[in-house]
Amino acid sequence: MATSLPRNDKYNEPYWAGLRAGKLHMPRCRACGSYQYPMGPCCSNCLGEEFDWTELSGRGTVYSYVIYHHAFNAAYKGKLPYNCAEVTLDEGVKVLTNIVGIANEEIRNDMRVVAQFDKIDDELTLLRFTPEQKETNS
């Protein structure tokens, strides 16, 4: 059976727990201040091994995206077409995600987006993004 579920391990458990609680947390290196995504045993910038988990704003900008019309994994066959986007969070971290709440054809680079926490089941909540709503003066 094909699966596309992410793996939970000792390096990313606080990330998944945060998503389940509707919050976006990332590890930040105590030595150099770099955020780590993906998470791992050491800092990708300075090789430091101590991190503080920090709550991020959940706001960012679409850096790049692609619309898939072919399922490279059988788990996605029924979801075509779907998008995969790289979002640069306001804190500078780039995450791979999906843009939801908008037609694929309307996604644009530099589009402002906000985090959406999609509960799949009791154990898994996925981070996705939706277009940021503009403030209107009525």
### Query
Of the residues ASP118, ASP90, which single one is among the acidic types (Asp, Glu) and open to solvent by less than 70 Å² (accessible area, probe 1.4 Å)?
ASP118
### Task
For residues that are assigned to a loop (DSSP other than H, G, I, E, B) and out of contact with any strand residue (DSSP E or B) (no Cβ under 8 Å at 6 or more places or on another chain), scanning just region 56-91, find the one that is nearest to ALA21 (Cα to Cα).
ASN73
### Task
Output yes when any residue across region 53-61 is under 13 Å from the mean Cα position of the chain (by Cα) and more than 18 Å from ASP118 (Cα to Cα), and no when none is.
yes
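Table: residues versus (1) hydrophobic (A, V, I, L, M, F, W, C); (2) buried (at least 18 other Cβ atoms within 10 Å of the Cβ); (3) in contact with a Pro (Cβ under 6 Å, 6 or more places away or on another chain); (4) without any contact (Cβ under 8 Å) to a residue 24 or more places away in the chain.
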{"position": "LYS10", "(1), (2), (3), (4)": "no, no, no, yes"}
{"position": "ALA21", "(1), (2), (3), (4)": "yes, no, no, yes"}
{"position": "GLY48", "(1), (2), (3), (4)": "no, no, no, yes"}
{"position": "THR54", "(1), (2), (3), (4)": "no, no, no, no"}
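The values are calculated or read from the model by the stated rules, or taken from the named source; none is laboratory data. Remember, predicted model here, so these are calculated numbers, not experimental data. When we count neighbours, we look across all protein chains shown, and the Cβ atoms used for this are built from the backbone with ideal geometry, even at glycine. What goes into the accessible areas is simple: the full protein's heavy atoms, side chains included, and nothing from ligands, DNA or RNA. Shrake-Rupley method; radii C 1.70, N 1.55, O 1.52, S 1.80 Å.
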